[in-house]
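Peer 1: Attaching a single structure in structure tokens format; questions to follow.
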Amino acid sequence: MVDQFVDYPAMLENLPGVSVRVRYEEGEWRTLFVSGNIAAYGYAREDILTGAVTWDRLIHPDDWPFVHK
């Protein structure tokens with residue numbers, strides 16, 4: 001029998017990549033969640049969550065047209 005309980009926080013923290021949840025409001029990206037794996041790319045989770053590091057710094061300029069679609 002498959003366990004029907006899924007520990008989503010643990011699953012997100014153990015993904016090989018980075019998981020994020022953002023909301024775009026009033027012309028700004030607001031980060032609601034970022035997994036701790038962000039440290040593998042040289043960023044602190046708190047810096048992303050507090051806005052010390054912003055998405056315009058993280059997203060390559062060539063990718064912006066796709067982000068804003």
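Peer 1: Step by step: first the residues of the range 1-17, then only those that are of a type outside the set (S, T, N, Q) and open to solvent by 100 Å² or more (accessible area, probe 1.4 Å), then the one that is modelled with the lowest pLDDT. Which residue is that? Even if it seems obvious, please write down each step before you answer.
Peer 2: Step one: filter the range 1-17 for residues of a type outside the set (S, T, N, Q), giving 1-3, 5-13, 15-17.
Pick out the ones that are also open to solvent by 100 Å² or more (accessible area, probe 1.4 Å) and you get 1-3, 5, 8, 16.
Details: Met1: 52, Val2: 60, Asp3: 63, Phe5: 74, Tyr8: 81, Pro16: 84.
Filtering first and then ranking leaves Met1.
Peer 1: Can you confirm whether Val53 is in contact with a strand residue (DSSP E or B) (Cβ under 7 Å, 6 or more places away or on another chain) and among the β-branched types (Val, Ile, Thr)? Walk me through it before giving the result.
Peer 2: On the way: in contact with a strand residue (DSSP E or B) (Cβ under 7 Å, 6 or more places away or on another chain): no; among the β-branched types (Val, Ile, Thr): yes.
For Val53, the condition - in contact with a strand residue (DSSP E or B) (Cβ under 7 Å, 6 or more places away or on another chain) and among the β-branched types (Val, Ile, Thr) - is not met.
Peer 1: Can you list residue pairs whose Cβ atoms sit under 7 Å apart, with the first residue in the range 2-22 being farther than 11 Å from Phe33 by Cβ and aliphatic (A, V, I, L, M) and the second being open to solvent by less than 100 Å² (accessible area, probe 1.4 Å) and at pLDDT below 80? Count only pairs 6 or more apart in sequence or on different chains.
Peer 2: Close Cβ pairs (under 7 Å, with a partner that is open to solvent by less than 100 Å² (accessible area, probe 1.4 Å) and at pLDDT below 80) do not exist here.
Peer 1: Within the range 18-69, how many residues are in a helix (DSSP H, G or I), of a type in the set (Phe, Trp, Tyr) and surrounded by 11 or more Cβ atoms within 10 Å (Cβ to Cβ)?
Peer 2: To start, the set of residues in the range 18-69 that are in a helix (DSSP H, G or I) comprises 36-41, 45-50, 55-58, 61-67.
This time we only want the ones that are of a type in the set (Phe, Trp, Tyr), so: 41, 55, 64, 66.
Add one more test, that the residue is surrounded by 11 or more Cβ atoms within 10 Å (Cβ to Cβ), and what stays is 55, 64.
Count: 2.
Peer 1: Go through the range 50-69 and report how many residues are charged (D, E, K, R) and under 14 Å from Arg30 (Cβ atoms).
Peer 2: Going through the range 50-69 one residue at a time, the tally reaches 1.
The values are calculated or read from the model by the stated rules, or taken from the named source; none is laboratory data. Everything quoted here is computed from the prediction, not taken from an experiment. In this analysis, Cβ positions are derived from the backbone assuming ideal geometry, glycine residues included, and neighbour counts consider all displayed protein chains. Side chains are part of the model used for accessible areas, which takes the heavy atoms of the whole protein and leaves out ligands, DNA and RNA. Shrake-Rupley method; radii C 1.70, N 1.55, O 1.52, S 1.80 Å.
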